[in-house]
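Beneath this line is the structure, given in structure tokens, with notes to follow.
The values are calculated or read from the model by the stated rules, or taken from the named source; none is laboratory data. Because the structure is predicted, anything quoted here is derived from the model rather than measured. Please note: Cβ atoms are built from the backbone with ideal geometry, for glycine as well, and neighbour counts cover all protein chains shown. Protein only, heavy atoms only, side chains kept; ligands, DNA and RNA dropped before computing areas. Shrake-Rupley method; radii C 1.70, N 1.55, O 1.52, S 1.80 Å.
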Amino acid sequence: MYPMEERLSVVLPTYNERENIPLLLKELLSLDQPYELEVLIVDDDSTDGTDQLIKDLSKSDFRIRYIRRVGRSGLASAIKEGLLNATGDIAAVLDSDGQHRPQDVLDAVRKLRGGDYDLVAGSRFLDNAKITGLSLRRTSGSSLANRLAAISLPEKFSQLTDYMSGCFAINIKSTLSYIYQVDVNGFKFFYELLSVSKGSLKVCEIPLSFEPRLHGKSKLDISILWDFLISF
């Protein structure tokens, strides 16, 4: 059991997630865990009312912090901005569409603390992972991207199975210099962080439960995979 005063910062990047955010926050904030939670919602100037909803929620719960971004956008840059604004030494990142279970994030944090890791990622492709929310198209795209990532990254990371993970726990103190170096125009924050670290991070994975998106449509499309391909 860790002391209650230890703070865990949870970063939620959002864009037009008005229907998903209340459900996710309810589950996240009600979890039985030993940390003082700080939830940073980094919103890319949503047009569906997500911004006002987050403002209202933050007024009723001091644990919720709202970061509105105007004139800049993108998943990798939102995660980077959230981590750099976090006040906890340990942070967790997950998508805001309900496909990542908050409980998996806490499991990643426990693994991070228990094994003295810099980074623990949730993997969709470990043997014990439970995948119900990945379409055939996204499965094929992720598999191809993972194969390319394995080739491009230092051999130390060759044991990893999901370089495109959007769900992970991270020790901010030990990774801060690398977080600053992440290319915000890159394909995926996790992959970019591994790349700039040049093999110096201590990383492991836990099985992820990847569920169907609660509401709306996935923002992942073939153009993102194309962006990754031309970066080689």
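At q = 0.10, 0.21, 0.23 Å⁻¹, work out log10 I(q)/I(0) for the stretch 11-109 with the Debye formula, treating every Cα as an identical point scatterer and leaving solvent out; two decimals please.
Treating every Cα as an identical point scatterer, log10 I(q)/I(0) equals -0.23, -1.12, -1.37.
Among A91, Y66, L23, which residue has its Cα furthest toward the positive end of the charge dipole of the stretch 1-93, with +1 on Lys/Arg Cβ and -1 on Asp/Glu Cβ?
Projecting each Cα onto the dipole axis, the largest value belongs to Y66.
Please give the contour-minus-distance gain from N185 to R110: 0.36 nm per residue of separation, less the Cα-Cα distance, rounded to one decimal in nm.
24.0 nm
For the stretch 158-211, just list the percent of Cα-Cα distances falling in each 5 Å bin from zero outward, please.
Result, from short to long distances: 4, 17, 32, 27, 13, 5, 1 percent.
Rank by packing, highest mean first: peptides 43-49, 17-23, 168-174, with packing defined as the count of other Cβ atoms within 10 Å averaged across residues.
168-174, 17-23, 43-49
Please give the length that would be gained between Q103 and L23 if that part of the chain were fully extended, namely 0.36 nm times their separation in residues minus their C-alpha to C-alpha distance (nm, one decimal).
27.4 nm
L29: accessible area at probe 1.4 Å, nearest 10 Å²?
30 Å²
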